[in-house]
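Structure, as structure tokens:
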Amino acid sequence: TITSKISSGINAEWPLRPGMSLVPACQITANYYAGFANFMIRKYANTIYLYQHILGYIQRTKHFFQNRSFQAEDINKKNDQMLALLAIASTFCPLRLDESVNQQVKEKYSDKLNRLQHGDMTVYDDLFFSGCPKFLSPIVSENSSSLFGSSGPRGLQLQVFKSEVDQQRLIPTLRSYLKLYTTIPISKLAKFLDMDENQVRCCLMAFKHKKEVAKGDGGEQTTLDIDFYVDKNMIHISDTKVARHYGDYYVQQIIKLRESNRQILSRVMAAAPPQ
């Protein structure tokens, strides 16, 4: 499909990438659409990787295009759209984000992140509409509402997204309980979730299935922050968290220091009397 070709192309060595890098708006837009393509085919780990990479790029190079109004407005819009989609993707696939990107998400959507964890559908709808691009109908019709409903192609894509949210709504709650134990009987977990044991087993299978994300080369890569297996009526849990990396924090501080030095030097040079 077109979606898979876009998403696989951006993850591989895309032939146009050297040329795209010369135009910041082009590079940012291409990564935005590639990330959204991965998002819609449920490859949330790829979306997170692409978006935190390009959001870091925007933060590092902001001073190059901030005076170009024709690019700055579109780039700022894409920045906000990617943050909205990144908030959703991080809920479905809890990978560790870069410190600076994580701070941006918290500053913009701190009030909505907790509601995402509790499966608030209105927040999912709001963030999806904030982050998604415009959709075009592949069918030319005089009455498009008869094909897509009153909301058009955008509403159809929302329904596809909401069906995925319905399948994942209990996973954050299930994960929060599993992280508290090393072993827990299915019957006890069923009481916590107010479900019967067969439903809990189905949720555990869905948890495993939804968090298995295909790599670009066709392999399998788990995105679970915890791992578990079921032995008869007992769930055994192991923590698989990756140790925190502090290098990104120091890199961001170095970038801020260089930017401060650049601004100070430019002001000194501007204030210096002509020779």
So which pairs qualify, if the first residue must be in the stretch 152-178 and over 21 Å from Ile226 (Cα atoms), the second must be among the hydroxyl-bearing types (Ser, Thr, Tyr) and assigned to a helix (DSSP H, G or I), the Cβ gap must be under 9 Å, and the two must be at least 6 apart or on different chains?
Gly152/Ser145; Phe161/Tyr124; Lys162/Tyr124
For Asn31, indicate whether it is in contact with a strand residue (DSSP E or B) (Cβ under 8 Å, 6 or more places away or on another chain) and not hydrophobic (A, V, I, L, M, F, W, C).
no
Mind checking which residues of the stretch 175-196 are part of a helix (DSSP H, G or I), touching a helix residue (DSSP H, G or I) at 6+ places or on another chain (Cβ under 7 Å) and surrounded by fewer than 14 Cβ atoms within 10 Å (Cβ to Cβ)?
Ser187
Looking at Leu116, Leu127, can you tell me which residue is crowded, with 19+ Cβ neighbours inside 10 Å, at pLDDT 85 or above, within 25 Å of Leu174 (Cα to Cα) and aliphatic (A, V, I, L, M)?
Leu127
Return the residue satisfying two criteria in turn: it lies in the stretch 243-261 and is part of a helix (DSSP H, G or I) and open to solvent by 100 Å² or more (accessible area, probe 1.4 Å), and of such residues it is modelled with the lowest pLDDT.
Tyr249
Quick one: in the stretch 1-46, of everything that is modelled with pLDDT of 85 or more and aromatic (Phe, Trp, Tyr), which residue is surrounded by the fewest Cβ atoms within 10 Å (Cβ to Cβ)?
Tyr33
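So is Phe207 surrounded by 17 or more Cβ atoms within 10 Å (Cβ to Cβ), part of a helix (DSSP H, G or I) and modelled with pLDDT under 85 or not? If you could, list the steps in order and put the result at the bottom.
Values: surrounded by 17 or more Cβ atoms within 10 Å (Cβ to Cβ): yes; part of a helix (DSSP H, G or I): yes; modelled with pLDDT under 85: yes.
In short, yes.
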If a residue has to be in contact (Cβ under 8 Å) with a residue 60 or more places away in the chain and in contact with a Gly (Cβ under 9 Å, 6 or more places away or on another chain) to count, how many in the stretch 48-105 make the cut?
2
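The values are calculated or read from the model by the stated rules, or taken from the named source; none is laboratory data. Source: prediction; values computed, not measured. For neighbour counting, all protein chains shown are included, and Cβ atoms are generated from backbone atoms with ideal geometry for every residue, glycine included. These area figures cover heavy atoms from the full protein model, side chains too; ligands, DNA and RNA do not enter into them. Shrake-Rupley method; radii C 1.70, N 1.55, O 1.52, S 1.80 Å.
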